[in-house]
Amino acid sequence: MPNPRSSAVLYAALLAGVALSASAPRAEIVDRVAAIVGSEVITLSQVRTQMNLVALLNQSEPVGLETGGRAALEALIDRRLAMQDLALTPFLLAPAEEVEGPLRALRGQTFAGGRDFPAALAHYGLTEDDCRAFLREKASFERYVSFRFKTGQEVSPGAVEAYYRNEYSAGQAALGAPAEPLESVRSAILDVLAERQANRLLEQRIMELRALTRIEILAFPAAGGEQ
C-alpha cells in the first residue's frame, strides 16, 4: 500500500536538499549570520552542521554548498519556525534520555565507505553531541506533529472508500495482485490518510508562521561558490 510521508520523513523533508562538502576544515570557516528568524539567528556553521547530519543519516557523500545551499537555509528556517511553535507547548519537548536508544543504534551502524560511527563523525565534521541534539529535536518534532495535527482529527468514511478504490485497489491491480476486502485494510488506510492530513496541516502552519514572523536572509551560498 502506498504510504505518505511519515512525521519523521516530513521532518527530514524540512532538511531537504542539504549536503555539504566535508573537504574544508572547520578551522577555515569564519562564522556569520545567515538569517534571522523572529528573535533567533541562524549561522552558516549551523546550516553546515545540519547539512552534514543529513548526508550522514542518508548514507550519502555530501556535495558543495553551491549545489543546494539556499534550499538548505530555507529548510532550516522552516525547522526553526516549527520549533518556535513547539515552544508554546513545552511539555512536548522530548526528554534527553529518549534519544539514547536511537543514538546507540547510530553507534552500531556502518556508514558510507564502510566507516564506523567515530570515523563517520570525523568524515562529516560532526560530533556525537551534534547527533544527540538532532535526535532530540526530531523526537520533539514528532510529538508536536502528533499532538498538534493528529489529535482530534478525523478521516471521513468517504475518504477511506476513495483511497481504497482509487489508490489501493488500483495499485494492487497494476501489480496483478488481488485486493483485500476494505474491512481488512481499513485500519491501515486510516493511518495513511491521517498521516497525509497531518502533513497538510503542518505545511499550512509553516506557511502561516512564515507570514507572521520576521525572516531576514543576510547571507546564503550563491552560484559559483560559498559566501
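The values are calculated or read from the model by the stated rules, or taken from the named source; none is laboratory data. These figures come from a predicted structure and were not determined experimentally. Neighbour counts are summed over all protein chains in view; Cβ atoms, including those assigned to glycine, are modelled from backbone coordinates with ideal geometry. Side chains are part of the model used for accessible areas, which takes the heavy atoms of the whole protein and leaves out ligands, DNA and RNA. Shrake-Rupley method; radii C 1.70, N 1.55, O 1.52, S 1.80 Å.
In table form, for the structure just shown:
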{"read-out": "Segment 40-171 - accessible surface per residue (Å², probe 1.4 Å)", "value": "46 Å²"}
{"read-out": "Of all accessible heavy-atom area on segment 134-195, the percent that carbon and sulfur account for (1.4 Å)", "value": "52 percent"}
{"read-out": "GLU100, GLU183, ranked by accessible area, largest first (probe 1.4 Å)", "value": "GLU183, GLU100"}
{"read-out": "Over segment 135-227 - Rg/Rh using Cα atoms and the Kirkwood inverse-distance radius", "value": "1.18"}
{"read-out": "FRET efficiency estimate (nearest 0.05) - Cβ-Cβ, ARG186 to ARG107, R0 35 angstrom", "value": "0.30"}
